[in-house]
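J.: Let me begin by handing over the structure; questions about it come next.
Nothing in this text is a laboratory measurement; each read-out follows from the coordinates by a stated rule. Treat the numbers as computed from the prediction; the structure is a model and nothing was measured. Glycine gets a Cβ as well: all are built from the backbone with ideal geometry, and neighbour counts include every protein chain shown.
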Amino acid sequence: MKKLFEELVSNANIEFNNTNDLVSLEQIKSKFLGKEGSVTKLLKNISKIKKEDRKQFGIYANSCKSQIENLLKNRRNHISNVYLNDKLNKEYIDVTLPGRGFLGGSIHPIMITWARIEKIFHSIGFDVADGPEIEDDWNNFTALNNPIDHPARSMQDTFYLDMNDNYGKKLLLRTHTSPMQVRYAKSHKPPIKVISPGRTYRVDNDSTHSPMFHQVEGLWISEDISFANLKFIYINFLRCFFEQENLDVRFRPSFFPFTEPSVEMDMMFKTGPNKGKWLEISGAGQVHPNVIRNFGLDPEKYMGFAFGSGLERLTMLRYGISDLRNFYEGDLRFLSQIK
Ligand code: PHE
């Protein structure tokens, strides 16, 4: 009887030692200790044992069971330890190696330009105002003297929303920062001296246009602000911005419904693949009397200039960049060059 149990223990030991993985170990366990396992079966037979031998049988059976359980536990620990050590060896980390380091972020070139512009205009007494990118028809077009059939309103270049304003007109993504002229002038008393940088949107996409771009609006309204003031302020702004005295800048007569007379200002690339080429940077002019009226002011008394400049354009000129889409591709090789 004793032998029988000893054999069982030694068989279990051999079989446990033959496997190296936990899953098959559990299967082997059930061969001995499971419902149909040999130890279980033996125990079930206790009734067939002679009465006087039963006690001894019980002692042997229990000891056999606990020996097998011990063997199993040891084998389980052994296999897990081997597995763990193996893993530790393979995934060894040398904590004394120098770190990989991480890239410091940098400010986006357009934001650098934005901050520079604010700083320069702030230093000569301009307020800085922020406004909504979703605009209504009044502020974006009508108040700015845009006739109903003006091409700037056409579906081709404006992103309209499927949502109306209080007057039943479609809301839109502002096509320029000029609505800020109206918003600011209506809520401030003259003299009005403000810039308003921000994002603007048009259905446009090529090397000098992107569907989302940045402009800065400038507005100075008082009793005697002339076109000559515009020229002086703007050219000196450019000198500060580009940190150069001699810039090639030209004013071309142009048309905007909200200024009269109107100009477009161009600047020449001094560096980069476009060196020697002109790039339009700004629209500007003397604010139209109808617009002054829409500010809630008397055009007989108040006059002044407005301008709207492209931040991408100014950035392109400053760093000699030929394609504005570079700003939006997120290529670190490009972005990290501009500090
Ligand atoms: N808003 C005009 C544009 O987007 C620029 C502009 C601003 C022109 C102010 C004149 C005065 O092109």
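J.: Using just the helices of the chain, give the 222 nm mean residue ellipticity in deg cm²/dmol: DSSP H runs with n ≥ 4 each add -39,500 (n - 2.57), and the total is spread over all residues, rounded to 500.
T.: Helices in the chain give a 222 nm mean residue ellipticity of -13000 deg cm²/dmol.
J.: What value in Å³ per residue do you get for the convex hull of the alpha-carbon atoms in segment 21-76?
T.: Hull volume over Cα atoms, normalised by residue count, gives 50 Å³.
J.: Most fluctuating residue of Ser309, Ser106, Ser30 in a GNM of the chain with Cα springs under 10 Å: which is it?
T.: Ser30
J.: Can you list residues from other chains, or at least 5 along the same chain, whose modelled amide H is less than 5 Å from the amide H of Phe305?
T.: Under 5 Å from the amide H of Phe305 lie the amide H atoms of Trp220, Val287, each far enough along the sequence or on another chain.
J.: With θ taken as phi - 60° and the coefficients 6.51, -1.76 and 1.60, list the Karplus ³J(HN,Hα) couplings across segment 263-268 in order, rounded to whole Hz; mark glycine and proline as x.
T.: For segment 263-268, the Karplus-derived couplings read 9, 10, 10, 10, 9, 9 Hz, x marking Gly and Pro.
J.: Which net charge results for the neighbourhood of Arg75, defined as the other residues with beta-carbon distances under 15 angstrom from its beta-carbon, given Lys and Arg at +1 and Asp and Glu at -1?
T.: Combined, the nearby Lys, Arg, Asp and Glu give 0.
J.: Further question on the same structure: Determine the sum of side-chain charges near Tyr184: Lys and Arg each +1, Asp and Glu each -1, restricted to other residues whose C-beta is under 12 angstrom from that of Tyr184.
T.: Charge balance in the 12 Å sphere: +1.
J.: While we're looking at this one, here's another question. Under a 5 Å amide H to amide H cut-off, with H placed in plane at 1.01 Å, what residues pair with Thr259 once short-range neighbours are removed?
T.: His288
J.: Excluding residues fewer than 8 places away in the same chain, name every one of the aspartates and glutamates whose C-alpha is closer than 14 Å to that of Lys231.
T.: Counting by Cα, and skipping residues close in sequence, Lys231 has these aspartates and glutamates nearby: Asp248, Glu264, Asp266.
J.: Suppose we keep just the DSSP beta bridges with both residues in the chain; what percent of those would be antiparallel, to 5?
T.: For the chain, the DSSP antiparallel bridge percentage is about 95.
J.: Oh, and also: Name the residue from Ser336, Leu247, Asn62 whose Cα lies farthest towards the positive end of the charge dipole of the chain, charges +1 on Cβ of Lys and Arg and -1 on Cβ of Asp and Glu.
T.: Result: Asn62.
J.: Taking 20 °C and 1.002 mPa s as the conditions, I'd like the Stokes-Einstein D for the chain in µm²/s, using the Kirkwood hydrodynamic radius from alpha carbon pairs.
T.: 81
J.: Quick one: Karplus J couplings for segment 131-136, per residue in order, coefficients 6.51, -1.76, 1.60, θ = phi - 60°, nearest Hz, x for Gly and Pro?
T.: Coupling constants for segment 131-136: x, x, 8, 9, 10, 9 Hz.
J.: For Leu171, what residues show an amide H to amide H distance below 5 Å, using hydrogens built from the backbone and excluding near sequence neighbours?
T.: For Leu171, whose amide H was placed from the backbone, the distant partners under 5 Å are Leu161, Met163, Asn164, Asp165.
J.: Arranged from highest to lowest average of other beta-carbon atoms within 10 Å per residue, in what order do the peptides 33-40, 18-25 appear?
T.: 33-40, 18-25
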